[in-house]
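Notes follow once the structure below has been shown.
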Amino acid sequence: MNLIERWIRPEVRAISAYHVADASGLIKLDAMENPYTWPEALRAEWAQLIRDADVNRYPDPHARQLTQQLRGTMQIPANAGVLLGNGSDETIQMLALALGGEGRTLLSVEPGFVMYRLIAAFSGLDYVGVELNADDFSLDMEALLEAIDEHQPALLFLAYPNNPTGNLFGLFEVERIIAASPGLVIIDEAYAPFTDASFMPRIGEFDNLVVMRTLSKMGLAGLRLGLLAGPEAWISEIDKTRLPYNINVLTQLSASFALSHISLFDRQTAKIRAARTQLFNELQEIAGILPFESEANFILVRTAQGEAPLLFEGLKQQGILIKILHGSHPLLNDCLRITVGTEAENRALIAALKLITQNPKPNT
Ligand SMILES: *Cc1c(COP(=O)(O)O)cnc(C)c1O
C-alpha cells in the first residue's frame, strides 16, 4: 500500500471514481439515454454492414466520411474545424491536456456536469465551480464575472442546456461570459436534440468559442462518439492531444450508417420532447413534487424535505431506476433527476410515484 501512496498522484487518490448504478432488470430512467431501439429491417441492414467490416485494419484516423456526415447533420459552419472523441468526455480530456498544466484553471458552474471537475482533478488543473442562483439555476453573473477576473481560467465550460438542472442559460448572459473570458469557452451542447437553442452557427464570431456535441443523448450512447467544433486554429492544436485511431472501425461504420437514417432519430427525439411536456404536467399534479422546466431529455424534481431517498428507494422497489441528486450539492437538496422514457415507462413512473406519495409511510 505504501507503493500506492508513494506513486499514485495525490489528486488521483483523492477522486472517488465515477459511479454507474447497476440497472439490471430495471426500467432505466437514470442516464439520459434514448429509450427507443431500431426497427428490425434497419438492424438487419446494419448487421450486414458490420459483417463486412475489416477489423484487422486500423480505422481511418480522421474518420473522414463520418466527419463529413456530422458536418451536415449538425450544421457545422463550413470554415470550422472538427475533431472527434470517444464520447464528448474524451474531447473534454483533450481540452484539459491541450490547455491544462501547472497553475491553470478550469472554471464551470455548480451544480453542473461532474466530468469537468473530475477531468480537471486528474489532469492537474485547478477547478473553480461558481454556484448558480438557488431559485432557478440561472447564472449568477456577478459571481461569475468576478471569478473569471480573479482566476483567469484557461478553460470555461457551460453545458447548454445544463445537466443536471435541465435549464437553458440566458443567451445574453452566455455572450457576456464568452466576451469576458480570457481563455477558451466551451459550450457543451450534449442536449442539442431537445432544444432549439445553439451556439453552433456562432462559431467564428468569437475568437475563444468552441462547441461540443455528442451522439449519446440522441440515441447512440453505446457507440461513444462526441465532437468539438470551432475555429480551425484552435481545433488543429487540440487535435494533437488526440490518440491515433480513437474512433474505432465499428463506431465509424455504425454512426455513419445511423446518420444516413437520421430521420428515424429525429422522430424519436421529437417523441421524447412531446413526452417531456406530458411528463412535466403529470409530475406537477403529484403532491409534494416540484418539477423544474427542462430543455433536455430529463426533468429535475424537488421533493418535500427529506423525501428524496424514500422516493428513490420506493421507485427502485417498483422496478424503476432514476438518479438521486440529494447530497451531491447543497442546491440539489431533496432533488431527483428523471430521464424521459417511452410513454409506457413514463406511465409506470407516474403510477409508482402516486402509489408511494399517497401511501402512508410504513412505521419504522
Ligand atoms: C452526457 C453528457 C456528456 C457526455 O457525453 P458522452 O458523449 O456520452 O461522453 C457531456 N456533457 C454533458 C452536459 C452531458 O450531460
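Quick look at the values:
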quantity	calculated
Amide H contacts of K323 (H built 1.01 Å from N, under 5 Å, at least 5 apart or other chain)	R337, T339
Proximal aspartates and glutamates relative to K240, as straight alpha-carbon distance under 18 Å, when same-chain residues fewer than 8 apart are discounted	D60, D89, E90, E232
Average silhouette area of segment 19-155, convex hull of alpha-carbon atoms, in square nanometres	13.5
Amide H contacts under 5 Å for F298, placed H, 5+ residues apart	V340
Accessible carbon and sulfur surface of the chain relative to its total accessible area, %, 1.4 Å	52
Backbone HN-Hα couplings from phi across segment 238-253 [Karplus 6.51/-1.76/1.60, Hz, Gly and Pro as x]	4, 4, 5, 8, 6, 6, x, 6, 5, 9, 6, 3, 5, 5, 4, 5
The chain: relative contact order as a whole-number percent, Cα under 8 Å and 6+ apart	22
Net +/- balance of residues flanking L83 in space, Cβ distance below 13 Å, scoring K and R +1, D and E -1	+1
Simple label model, 7 Å out from Cα along Cβ direction - N56 to I8, nm	4.1
Volume in Å³ per residue [convex hull over Cα atoms, computed for the chain]	167
Amide H contacts of V130 (H built 1.01 Å from N, under 5 Å, at least 5 apart or other chain)	S108, V109, E110
Solvent-accessible ranking of K240, K271, largest area first, probe 1.4 Å	K240, K271
Calculated from backbone phi, Karplus (6.51, -1.76, 1.60) coupling profile of segment 333-340 in Hz, x at Gly/Pro	4, 6, 9, 10, 10, 10, 6, 6
Max mean-square fluctuation residue, GNM over the chain, Cα-Cα springs under 10 Å, options P330, P39, P291	P39
Principal axis dimensions, segment 55-261 - Cα atoms, whole angstrom, descending	53, 37, 29
Rounded to whole Hz, the Karplus (6.51, -1.76, 1.60) HN-Hα couplings of segment 296-304, x for glycine and proline	10, 9, 8, 10, 7, 10, 10, 9, 4
GNM top mover of N281, N167, N333 - the chain, alpha-carbon springs below 10 Å	N281
Accessible solvent surface per residue of segment 55-261, calculated while the other protein chains remain in place, 1.4 angstrom probe, Å²	40
At most 16 other Cβ within 10 Å, DSSP loop - trypsin sites (Lys or Arg not before Pro), segment 32-130	R57
Residue with peak Gaussian network fluctuation, the chain [Cα springs, cutoff 10 Å], from T214, T303, T165	T303
Largest-first ordering by accessible area, 1.4 Å probe, given options H19, H62, H151	H19, H62, H151
Set of lysines with alpha-carbon distance to K28 below 26 Å, sequence-local pairs under 8 removed	K217, K271, K316, K323, K354, K361
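The values are calculated or read from the model by the stated rules, or taken from the named source; none is laboratory data. Since we're looking at a predicted model, the values are computed, not measured. Virtual Cβ from ideal backbone geometry, glycine too; neighbours counted across all protein chains shown. Note: areas computed on protein heavy atoms with side chains; ligands, DNA, RNA excluded. Shrake-Rupley method; radii C 1.70, N 1.55, O 1.52, S 1.80 Å.
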